[in-house]
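For reference, the structure is listed below as structure tokens.
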Amino acid sequence: MSAPPMEGMPRVRTAFSRGLAGTWASPIVVGGIVGWLLVEWAILVALGYPGPFALLAHLSAPPPLSTTADLSISVGVFGLSRGLPFVFAVAAVHALWFALLTGLAIDAVETGAPSRWGAVRGLRAFPIAFALHLIGVPVLFASQMISGLAGGGLSFVIQLGVLVLAVWAFAFAPVIAVAERRRMLDALGRSIRAARMPGSGNLSFAALYVLPVFATFVAMGI
């Protein structure tokens, strides 16, 4: 983490266009995202989850954005007292899905088409994805407590800033774990180094990614 930033990071426009073309041109990736959403929606309806169901749109987002769905589902289905311990099980399921999706996306970008082997490779990202989901729980609680003390419009700025920094620092970690076969601590450290690359615009991209997601949280009163 204290090492100087790495070199050779493409700019946001290049990275975004290549990732968008590689993943959204794949019926497997797009169909997997939609299929997972529909299956989980049906299961939650059967379990009596009261919503908001709009949170399910963020199930495939990097944590801690998807961690909000972990908490909402756990508390909504089992109540506050029993739901908080159950958040670990929900986080594990979502982390598994995020790991598989990461592997498929990397395979699509590298080879042009995702495969079963890409999904298997993605399992290397599961420990990191699960850890980030778990870390996201206290991060969300801490940001809400701090913003509550701040009050007013400053609270929204604090919560937004925490989410942006978390995505900026750790979004690369699951990809590094899969593409470079790195262990958790090494992948996390390299993720922060990658985020700090000068001129790459990573912080701006994290803000552009988080802002519309945070807007949906505010609209739902979360």
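The values are calculated or read from the model by the stated rules, or taken from the named source; none is laboratory data. Computed from a predicted structure; not experimentally measured. Positions of Cβ are generated from backbone atoms using ideal geometry, with glycine treated the same way; all protein chains shown enter the neighbour counts. SASA here: full protein model, heavy atoms, side chains in, ligands and nucleic acids out. Shrake-Rupley method; radii C 1.70, N 1.55, O 1.52, S 1.80 Å.
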Open item on the list: At 1.4 Å probe size, what's the solvent-accessible area of Thr67? Round to the nearest 10 Å².
Closed with: 0
Task: For a label point 7 Å along the Cα-to-beta-carbon line of Leu165, residues of segment 185-199 with backbone N under 16 Å - done: 192-193, 195-196
Open item on the list: With a 10 Å cut-off between alpha carbons and a GNM built on the chain, which of Val120, Val139, Val157 moves the most?
Closed with: Val157
TODO: Taking Rg/Rh (Cα atoms, Kirkwood Rh) as the quantity of interest, determine which of (i) 1.01; (ii) 1.10; (iii) 0.96 was computed from the displayed structure.
DONE: (iii)
- [ ] Could you check the simple spin-label distance between Ala219 and Ile135, using points 7 Å along Cα→Cβ, in nm with one decimal?
- [x] 3.0
TODO: Calculate the dipole size of the chain relative to its Cα centre from +1 charges on Lys and Arg beta carbons and -1 charges on Asp and Glu beta carbons; express the result in debye to the nearest 20.
DONE: 400
Open item on the list: How large is the accessible surface of Phe53 in square angstrom, using a 1.4 angstrom probe and rounding to the nearest 10?
Closed with: 70
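Arrange the peptides 184-191, 206-213 so that the one whose residues have, on average, the most other Cβ atoms within 10 Å appears first.
On the way: 184-191: 18.4, 206-213: 16.5.
Ranking the peptides 184-191, 206-213 by packing returns 184-191, 206-213.
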Open item on the list: What distance in nm separates the two pseudo spin-label positions at Ala57 and Asp186, each 7 Å out from Cα along the beta-carbon direction?
Closed with: 3.9
- [ ] Can you figure out the FRET efficiency of Glu110 with Leu38, using R₀ = 30 Å and their beta-carbon distance, to the nearest 0.05?
- [x] 0.60
Open item on the list: Leaving out ligands, DNA and RNA, and with a 1.4 Å probe, what % of the accessible surface on the chain is carbon or sulfur?
Closed with: 72
